[in-house]
There are 2 protein chains.
Amino acid sequence: MQTKAVEDYLKAIYEVQEREGRVATSALAERLQISAASATGMIKKLAEMGLVSHEPYQGVRLTEPGRKIALEVIRHHRLVETYLVEAMGLTWDKVHDEAEKWEHVLSEELEDRMDEMLGRPTHDPHGAPIPTREGHIPETPRLKLSEAVAGETVTIAQVADDDAAMLRYLGERGLYPGVAVTVTHIEPFEGPLTVRREDRDISLGRPVAECIKVRRPGEA
Amino acid sequence: MQTKAVEDYLKAIYEVQEREGRVATSALAERLQISAASATGMIKKLAEMGLVSHEPYQGVRLTEPGRKIALEVIRHHRLVETYLVEAMGLTWDKVHDEAEKWEHVLSEELEDRMDEMLGRPTHDPHGAPIPTREGHIPETPRLKLSEAVAGETVTIAQVADDDAAMLRYLGERGLYPGVAVTVTHIEPFEGPLTVRREDRDISLGRPVAECIKVRRPGEA
DNA sequence: AGATAGATTTTAGCTAGACTAATTTTTGAT
DNA sequence: ATCAAAAATTAGTCTAGCTAAAATCTATCT
């Protein structure tokens, strides 16, 4: 059986793997807000099911079947987010929590119907790529806004979808995927940075800038 | 906590109560496809939570809070069914299974958005009334098609939503809520009956006729 | 190499929700 | 009124999750 819990774990493992390369038990537990013991227990079961490989004390990796399932759940999540914004008119700060629940109950048929109604979108409202049904997801070069250098102009590609307050904050300032900004100043030592968008300067704290992925001119 | 299981039990209790008046433990177990012992166990918990009252050996009844929750779940179910048909173009035989899953994950906000998009519908695609948010549901006189007498003309009010094959069967013959039919013949002894719709005679087995609720001329 | 901090795993025990088998209560038929 | 059948309950078990606390391993620093 493929329970909600299994799906949540695989999704979380995929996301941690993307972000940090290695997936430590503790990182997974932190991510899922559960104890490390629970994580270890489930990791064992996932390994028995052949969905992850696990070297004790060395962390965990998705197998190909596990990756397939993770990407399917992520596809559901991002399609639902897109649907809620495009077809139902919700604001982008509210759709993550809904999608967390819907992703587990979406049939393949309805998934396809949504996809079709939306015109086979490639990205969700936060700029995250939507995996194909076959489990393909584009590899595109991205850097964090906080890694940009002063003076360069970059285009916002993606923002974190799970912090509603931050999404409202960004929305109020017109910082959406597709918007170009020029980095006018960066404070050293984890300090804030300033970007210019259409003649207005906007100061952003470092943690916010960490949540924004951008692309350089000419990049896909 | 209000789990999926609790919601499913309350909904089932409500539906059995509607159909049969008394809710026997065995009827509930049958309805939910679980053992009678499991039903007894959960009934105890529901009673502790104050959602049902339980006289051992006498069956179970929803309390007012329990009824409120049951009607909320049913409202979700029927709104989702309506949404899937009206807004997403699914056929009426496919929506029950989806709604069984969605009813448990629908937020109040999204419920209201759906309701609004659909123009505050009062009935779902199968003709079942949609409870209001306050837990109100209309009391309307209905009889089973199998209880009609030969010669009378009745209007189809509602059909069972949980048998996909039967819904396709009825759909193919144009038997939807709102359609008027004349009962031309009824076989005794649980036999089939014949209805006439727009100059065509349609023969229906007794079990099918049991699943169709009709209203007499002049009734709401 | 040894010490030790931090990560990981193990152990023990809890809860929800299901099950079977055995028992008790109610009902219905003679 | 009795007694068998049906219905409901109790008792005990199972699995999937979880937590907290204890034990163990790894890696790093001197």
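None of the figures in this text is laboratory data; all of them are computed from the coordinates on show. Keep in mind that this is a model prediction, so the values were computed, not measured. When we count neighbours, we look across all protein chains shown, and the Cβ atoms used for this are built from the backbone with ideal geometry, even at glycine.
A few remarks follow.
- Distances between copies at A:A36, taken between label points 7 Å from Cα along the C-beta direction, are 5.1 nm in increasing order.
- Inter-copy separations for A:T122, label at 7 Å along Cα-Cβ, nm, ascending: 4.9
- Under the convention that each Lys and Arg Cβ holds +1 and each Asp and Glu Cβ holds -1, the size of the dipole of chain B around its Cα centre is about 400 debye.
- Annotation note: trypsin sites (Lys or Arg not before Pro) in the stretch B:1-90 located in DSSP loop regions with a Cβ neighbour count of at most 13 within 10 Å are B:R22.
- Helix B:108-117 axis versus longest C-alpha principal axis of chain B: approximately 20°, rounded to the nearest ten.
- Here the Karplus relation 6.51 cos²θ - 1.76 cosθ + 1.60, evaluated at θ = phi - 60°, turns the backbone of the stretch B:74-87 into coupling constants of 5, 4, 4, 4, 6, 5, 5, 4, 4, 4, 4, 6, 6, 9 Hz, with x for every Gly and Pro.
- Size descriptor, Kirkwood hydrodynamic radius, that averages inverse alpha-carbon separations across chain A, Å: 18.7 Å
- Longest segment of chain B lacking chymotrypsin sites (Phe, Trp or Tyr not before Pro) that sit in a DSSP loop with at most 16 other Cβ atoms within 10 Å: B:58-188
- Unit charges at the beta carbon, dipole of chain A: most positive-side option, A:Q33, A:L167, A:L79: A:Q33
- Toward the positive end of the charge dipole of the protein assembly as shown, with +1 on the Cβ of Lys and Arg and -1 on the Cβ of Asp and Glu, the farthest Cα among B:G59, A:A150, A:T3 is that of B:G59.
- Distances in nm from B:E219 to the matching label points in the other copies, shortest first (labels 7 Å along Cα to Cβ): 6.8
- Sequence-separation-based contact order of the stretch A:91-220, relative, with Cα cut under 8 Å and 6+ spacing, percent: 28 percent
- Within the protein assembly as shown: Cβ-based charge dipole about Cα centre, in debye rounded to nearest 20 (Lys, Arg +1; Asp, Glu -1): 380 debye
- Helix A:36-48 vs. chain A, principal-axis angle (Cα, 0 to 90°, nearest 10): 60 degrees
- When chain A is turned onto chain B, its residue with the beta carbon nearest the axis, and that distance in whole angstrom, is A:V105, 3.
- Per-residue mean of foreign Cβ neighbours for A:103-115 is 3 (Cβ atoms of other chains, 10 Å radius).
- Centre separation in Å (Cα based) which lies between the stretch B:32-75 and the stretch B:153-213: 33 Å
- Among the listed pairs A:K4/A:K144; A:K4/A:K94; B:K11/B:K44; A:K45/A:K101; A:K11/B:K4; A:K94/B:K4, those beyond 25 Å (Cα-Cα): A:K4/A:K144
- The stretch A:43-93: Cα Rg divided by the 2.2 N^0.38 Å rule of thumb: 1.62
- Reference-scaled alpha-carbon Rg (2.2 N^0.38 Å with N residues) for the stretch A:143-215: 0.97
- When the convex hull of its Cα atoms is projected in every direction, mean area for the protein assembly as shown (nm²): 27.6 nm²
- Under a model in which nothing but the beta-carbon of Lys, Arg (+1) and Asp, Glu (-1) is charged, the stretch B:4-62 shows a dipole of about 60 debye around its Cα centre.
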